[in-house]
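Each reported figure results from applying straightforward, stated rules to the coordinates on display, with no laboratory input. None of the values given here were measured: they were computed from a predicted structure. Positions of Cβ are backbone-derived with ideal geometry, glycine not excepted, and every protein chain shown enters the neighbour counts.
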Amino acid sequence: MADSDLQLGRAVATPESPEAATLDRVPNPHGDARYVARFTFPEFTSICPVTGQPDFGILLIDYVPDAWLVESKSLKLYLQSFRNHGAFHEDCTVSIGKRLVDTLAPHWLRIGGYFNPRGGMPIDVFWQTAEPPAGVWVPPQDVPTYRGR
């Protein structure tokens, strides 16, 4: 992908849906090194497919890149495209992880979705491709589970 094809550096509207969103990737300048890249999206929003009510949560994405990095603006726009998308928490979390894996072919990826209560019950969803590569430091996600006040 040429730099001119990237969404970075130009005005781009939020995609209508996750399916319509483009995830851009850029070459990893340190493909010979094993390291963890982390994205935290503290304002993830989707729509309950049954009630149409908004759902809110925090997404944490950790991955060990191979040849490609996800371009952060395109990731932000992709995640924002869920704001009007009806899907359960499990579907949102796992489909985001799988889309990133399909786009980047990383050595390893994990995603944690920490959702605020719906119907009085918080739902947290975790998905990863496999065990992390040996010798890679993977910090804990450290998002506290929901505690009532």
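The figures follow:
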{"quantity": "Sequence-distant residues sharing a close amide H with D55 (under 5 Å, placed H)", "calculated": "S46, I47, C48"}
{"quantity": "Candidate values [x] 1.21; [y] 1.62; [z] 1.07, label of the one derived for Cα Rg over 2.2 N^0.38 Å", "calculated": "[z]"}
{"quantity": "Selection of trypsin sites (Lys or Arg not before Pro), region 5-52, meeting DSSP coil and at most 11 other Cβ within 10 Å", "calculated": "R10"}
{"quantity": "Per-pair calculated FRET efficiency, R0 = 25 Å: V50 and Y146 via Cβ, rounded to 0.05", "calculated": "0.75"}
{"quantity": "Over the chain, relative contact order from alpha-carbon pairs under 8 Å, at least 6 apart, %", "calculated": "25 percent"}
{"quantity": "Extension reserve of the S17-Y35 stretch, reckoned as 0.36 nm per residue once the Cα distance is removed", "calculated": "3.4 nm"}
{"quantity": "Karplus (6.51, -1.76, 1.60) ³J(HN,Hα), θ = phi - 60°, over region 121-138, in Hz, Gly and Pro reported as x", "calculated": "9, x, 10, 10, 10, 10, 8, 8, 6, 5, 5, x, x, 4, x, 9, 7, 10"}
